[in-house]
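Written below as structure tokens is the structure these notes are about.
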Amino acid sequence: MKIGDRVEVDIGAIAHGGHCVARFEGQVIFVRHSIPGERALVEITEVTSKFARGDAVEIITPSLARREPRCTYAHPRGCGGCDFQHVDPSYQRELKASVIKEQFARVAKMEIDVTVEEVKPIVHWRTRMDFTVSENRRLALFGSRSHERIEIESCQIADTAIDIGAINAQKLPIGGKIHVAVDESGKSTIDIEGRESRSLLSQRVGSQEFSLAPRSFWQSHKSAPEVLSSVVREFARAKDGDHIFDLYGGVGLFTAALHSQVGAGGRITLIESDPQAIIDARRNFATHPNVEIIEEKVERALNRFTRADIVIADPPRSGLGARVCSSITDINPRVIVYVSCDPSSLARDSRILIDSGYELEEIRAFDLFPMTHHIECVARFISRH
């Protein structure tokens, strides 16, 4: 088998990463643009010693869940951003639930029951977009596993306030990185790498107002801050006087959700290593004496403390890892609330926490990235000590 070959295969289960698994003459092929149960003609795009990758270029037997993509760029050799434009939205969530279950069974060695919950809107939901610039000085997105720049005139997941035509009318730097963010009022801010920007965005979640730099991390789905804040509050069940740690706390989304619950006698320690996020967090909580903000790597900062009541952790896609899990369990919180955007690293860390004396009491999953393979989970662990 070599790149460019075309083979007819039966499409098997969805795999972590948004591809489906197929086999041809004993060779595993990870296939994009397909749905489990289909029969498809697949063009091979990559070959390794262990597996191949390919695109479904012709659907011979379509799934009942197949839909015409809303996006004109969602096709082989098109934009690499959306994996599931061709899949019915309700079935997208079923596929994502199956990925979570498979990762926990394989990595954490445990069976879980989980449903991926719908979060609206499912189109034009994304308030943060990163673009590159083509040789024609037009906005582009990269192809799948490629450095090829695909020029676009529209995006079905981008907030409607992101006016691609208007941005293209500017003189954009070839190969440049363009970050566009939309705030609470629907105002968009364009940040071009290498050009100084002093803009601040305004966001409101509940009664808390945030101001943040355009490139500071903020949940990309416009409904995500409210949804996740509500679940974190529910899972934390904080009490007056508690000491809560908000790890990888960013600009303070979850600190804002919890600080009123701990009262004047409690406190929240927010730990974050990104300098701009720290500036934003200190601005946002300048009038909250029960909020302590530490600029440092989580694994180093936690070593200063000996106890905690609750830990909230929202790490990057790579997860906590063994070292941070150990630092968390060393301070013996009664509850750990783990917010994760990757079911594989969550499953790995769940096994570490369980083996360290914690029980996975509840897990919820949310479709905060419709049309893509990404998933957001929130897990509640309680101490067995």
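The figures follow:
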| item | result |
| --- | --- |
| Boolean, Arg93 is outside the structural domain of Pro36 (by TED's automatic domain parsing), surrounded by 18 or more Cβ atoms within 10 Å (Cβ to Cβ), within 20 Å of the chain's Cα centre (by Cα) and touching a residue at least 40 places away in the same chain (Cβ under 8 Å) | yes |
| Output for segment 322-334, where each listed residue is closer than 23 Å to Val251 by Cβ and either surrounded by fewer than 19 Cβ atoms within 10 Å (Cβ to Cβ) or hydrophobic (A, V, I, L, M, F, W, C) (or both) | Val324, Ile328 |
| Selection status of Asp242, charged (D, E, K, R) and either free of Cβ contacts under 8 Å to residues at least 12 places away in the same chain or not assigned by TED's automatic domain parsing to the domain that holds Val337 (or both) | no |
| Any hit, segment 282-293, residues being part of a helix (DSSP H, G or I) and either under 29 Å from Pro343 (Cβ atoms) or over 25 Å from the mean Cα position of the chain (by Cα) (or both) | yes |
| Verdict on Arg237 being among the basic types (Lys, Arg), surrounded by fewer than 17 Cβ atoms within 10 Å (Cβ to Cβ) and out of contact with any Pro (no Cβ under 8 Å at 6 or more places or on another chain) | yes |
| Criterion: closer than 26 Å to Phe369 by Cα, more than 16 Å from the chain's Cα centre (by Cα) and surrounded by 20 or more Cβ atoms within 10 Å (Cβ to Cβ) - qualifying residue of Leu247, Leu253 | Leu247 |
| Segment 334-378, residues that are out of contact with any Leu (no Cβ under 6 Å at 6 or more places or on another chain) and of a type in the set (Gly, Ala, Ser) | Ser344, Ser345, Ala347, Ser356, Gly357, Ala365 |
| Residue pairs meeting the criteria (Cβ under 6 Å; at least 6 apart or on separate chains; first part of a loop (DSSP other than H, G, I, E, B), in segment 252-265; second acidic (Asp, Glu)) | Gly263/Asp240 |
| Test: residue in segment 298-313 that is within 15 Å of Ile352 (Cβ to Cβ), surrounded by fewer than 17 Cβ atoms within 10 Å (Cβ to Cβ) and among the small types (Gly, Ala, Ser) | no |
| Residues located in segment 340-373, provided they are surrounded by fewer than 24 Cβ atoms within 10 Å (Cβ to Cβ), without any contact (Cβ under 8 Å) to a residue 40 or more places away in the chain and touching a Gly at 6+ places or on another chain (Cβ under 9 Å) | Asp342, Ser345, Ile352 |
| Residue count for segment 71-109, restricted to those that are aromatic (Phe, Trp, Tyr) and assigned to a helix (DSSP H, G or I) | 2 |
| Subset of segment 20-49 [touching a residue at least 60 places away in the same chain (Cβ under 8 Å) and either surrounded by fewer than 20 Cβ atoms within 10 Å (Cβ to Cβ) or among the small types (Gly, Ala, Ser) (or both)] | Glu46 |
| Residues that are in contact with a Ser or Thr (Cβ under 8 Å, 6 or more places away or on another chain), more than 18 Å from Val339 (Cβ to Cβ) and not in a loop (DSSP other than H, G, I, E, B), drawn from segment 193-249 | Leu201, Ser202, Glu209, Ser211, His243 |
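Here is a yes/no grid of residues against (1) assigned by TED's automatic domain parsing to the domain that holds Ser350; (2) of a type outside the set (S, T, N, Q); (3) in contact (Cβ under 8 Å) with a residue 24 or more places away in the chain:
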| position | (1), (2), (3) |
| --- | --- |
| Cys71 | no, yes, yes |
| Gly78 | no, yes, yes |
| Ala97 | no, yes, yes |
| Ser146 | no, no, yes |
| Ile157 | no, yes, yes |
| Ala166 | no, yes, no |
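The values are calculated or read from the model by the stated rules, or taken from the named source; none is laboratory data. Values in this document were obtained by computation on a predicted structure and should not be read as measured data. Heads up, the Cβs are rebuilt from the backbone with ideal geometry, glycines too, and the neighbour counts pull from every protein chain shown.
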